[in-house]
Amino acid sequence: MTQTAPIIPVILCGGAGSRLWPASRESFPKQFIALLGEQSMFQKTLSRLAGPHFAAPVIVTHEDFRFLVQSQMLAMGIRGDILLEPMRRDSGPAIAAAAAFVEARHPGATMMVLPSDHLVMDVESFQQAVLRGADAAAEGRIVTFGMIPDQPATGFGYIHPGAELRESIRAVERFVEKPDAQTAARYIRDGYLWNSGMFLFRADAFLTELAGFEPAMVDAAKAAVSGADQDLGFVRLDGEAFALSPKKSIDYALMEKTRLAAVVPASFGWSDVGNWSSVWEASPQDGNGNASSGEVELLDSRNCYVQTHGPLTVLVGMEDTVVIVEDDAVMVARRDKAEQVKKAFEGLKARNHRSVVSSLRVYRPWGYYQTLDLGPRFQVKRILVDPGQKLSLQSHHHRAEHWVVVQGTALVTRDKEEIILRENESIYLPLGCVHRLVNPGKIPLEIIEVQSGSYLGEDDIVRYEDIYARR
């Protein structure tokens, strides 16, 4: 290992996580959820890229997730560059834009590309595998990481390793798509590896190699970076340039074509946490093989996974079952059918069901709100505002509001007044008044909001000032 300059982590943070519905929603996908422990999957990814071998990260995400990314990074005391994709063009353009950004800032730098929503159990072994691949990357190789399989899984692509290039690094003979069960068993016998979707390379070498196969993708990436704007601390890639990139995954665009691909065989407790059965496998289990989260009772049940963020959930006499309980949706499936949750998600999406997009708890740059009750002319919400944050200065055409402070201190603007409210104090905001809610304190501000009026939709907001520059 001769690599000395810190490796720049590039984390792809834009997926929807449809297989983990109903916990994962389009507005709050699985990478931001604390599925296993107190940290989200994104935060776990950040954690394993800490230390002297790694520089500050570059995050590639979508406009909709920018404040989620920022707040979860700040909660860990981590700073880095956040690139905003103007639209989703698959992993090829996202990685190309990140490489163009890194090369413009740090010529010749090595970058580690990885998804934000994967699980690694053995962080030390993970970092050792990255360092093993660094020398090959420094020589211009496009390095990937192949997981040594422990079962003939059909949910992953596979890598056929070829000749040994150096100790613990092999050339890539070929990449293959997700196989059926019989083919997967043969792959295991023949020494194939799972394709982890993680990559390590020099940014300049990657761009040069990709330009040989997808010149339009590289041109679009460089133009999107050179035309990027700084916006509230985010790097907003140029939309017109980025839109000209072909929509392709990095495997199709480069990895299946290049002769520079190398693979590091590794085993560090990796999972893509691709469905609820994977969550069960990665979770601590009791003597009957059950794993649970939330208020759960299990009687005469085996090999089940139960997660509830809502009411007490009781299983009696169940086996190999997944039960996910949210405030607005319940999902029950056999564990061996967990992959089919995606089909249910897609069916709900085709019907424009609201549970696909968001849950009753909706996250905003300043915190979140959660609907507690809803009727024809009223709505009750719980609103939590993070310390130092403020809502926009706004008014409504169709509703009045009443705020009751449950915890913390509120600074309320009501037309020309500024009023301090403390716990158990309240204020009435008549229809049409210009108002704002600010948390000036050092602890979260929690209020109960009661809305009343002829129309209660979120689009009944006229914004006059907004520190988050929302439209």
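Each reported figure results from applying straightforward, stated rules to the coordinates on display, with no laboratory input. No experiment lies behind these values; they were computed from the predicted model shown. Quick reminder, even Gly has a Cβ in these numbers, built from the backbone with ideal geometry, and neighbours come from all protein chains shown.
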In percent, how large is the relative contact order of segment 142-214, given Cα pairs closer than 8 Å and 6 or more residues apart? 43 percent
Of all DSSP beta bridges in segment 285-350, what percent run antiparallel (nearest 5)? 30 percent
Could you order the peptides 298-305, 127-134 from most to least packed, using the average number of other C-beta atoms within 10 Å per residue? 127-134, 298-305
Post the alpha-carbon centroid distance, segment 351-400 to segment 24-91, in whole angstrom. 23 Å
Cβ-derived FRET efficiency at R0 25 Å, Gln285 paired with Val123, nearest 0.05: 0.70
For the chain, share of DSSP beta bridges that run antiparallel, in % to the nearest 5: 70 percent
Relative to the first principal axis of the alpha-carbon coordinates of the chain, what is the inclination of helix 91-105, with its axis defined by its Cα atoms, in degrees from 0 to 90 and to the nearest 10? 90 degrees
Which loop-located GluC sites (Glu not before Pro) does segment 132-212 contain, where loop means any DSSP state but H, G, I, E or B and the Cβ has at most 16 other Cβ atoms within 10 Å? Glu139, Glu167, Glu177
Taking 0.36 nm per residue of separation and subtracting the Cα-Cα distance, what length does fully extending His398 through Lys337 add? 17.4 nm
When only Cα pairs under 8 Å and 6 or more residues apart are kept, what is the percent relative contact order across the chain? 14 percent
Chymotrypsin sites (Phe, Trp or Tyr not before Pro), restricted to segment 308-417: which are DSSP loop and have at most 12 other Cβ atoms within 10 Å? none
Which pairs break 30 Å Cα to Cα here: Lys222/Lys349; Lys342/Lys390; Lys349/Lys390; Lys416/Lys442? Lys222/Lys349; Lys342/Lys390; Lys349/Lys390
Based solely on its DSSP helices, what 222 nm [θ] is calculated for the chain when runs of n ≥ 4 H residues each add -39,500 (n - 2.57) and the sum is averaged over all residues, nearest 500 deg cm²/dmol? -6500 deg cm²/dmol
When DSSP beta bridges are limited to those with both residues in segment 8-271, what percentage is antiparallel, rounded to the nearest 5? 50 percent
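How would you order 283-295, 258-270, 414-426 from highest to lowest mean count of nearby Cβ atoms within 10 Å? Please report the intermediate quantities before stating the final value.
Numbers: 283-295: 14.5, 258-270: 19.4, 414-426: 11.8.
Highest mean packing first, the order is 258-270, 283-295, 414-426.
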Calculate one ³J(HN,Hα) per residue across segment 25-30 by plugging θ = phi - 60° into the Karplus curve 6.51 cos²θ - 1.76 cosθ + 1.60, and present them in order as whole Hz with x for glycine and proline. 10, 4, 7, 8, x, 4
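Using Cβ counts within 10 Å as a stand-in for footprinting exposure, how do Val69, Val330 rank, fewest first?
Starting with the residue having the fewest Cβ neighbours, the order is Val330, Val69.
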Provide the convex hull volume over Cα atoms per residue for the chain, in Å³. 162 Å³
If we sort 106-118, 225-237 on the protection proxy, mean other Cβ atoms within 10 Å, highest first, what's the order? 106-118, 225-237
Relative contact order [Cα under 8 Å, 6+ residues apart], segment 269-396, whole percent: 13 percent
Which aspartates and glutamates have a Cα lying under 15 Å from the Cα of Lys381, excluding residues fewer than 8 positions away in the same chain? Asp327, Asp328, Asp373, Glu401, Glu446, Glu449, Glu458
Please give the contour-minus-distance gain from Val380 to Lys257: 0.36 nm per residue of separation, less the Cα-Cα distance, rounded to one decimal in nm. 38.7 nm
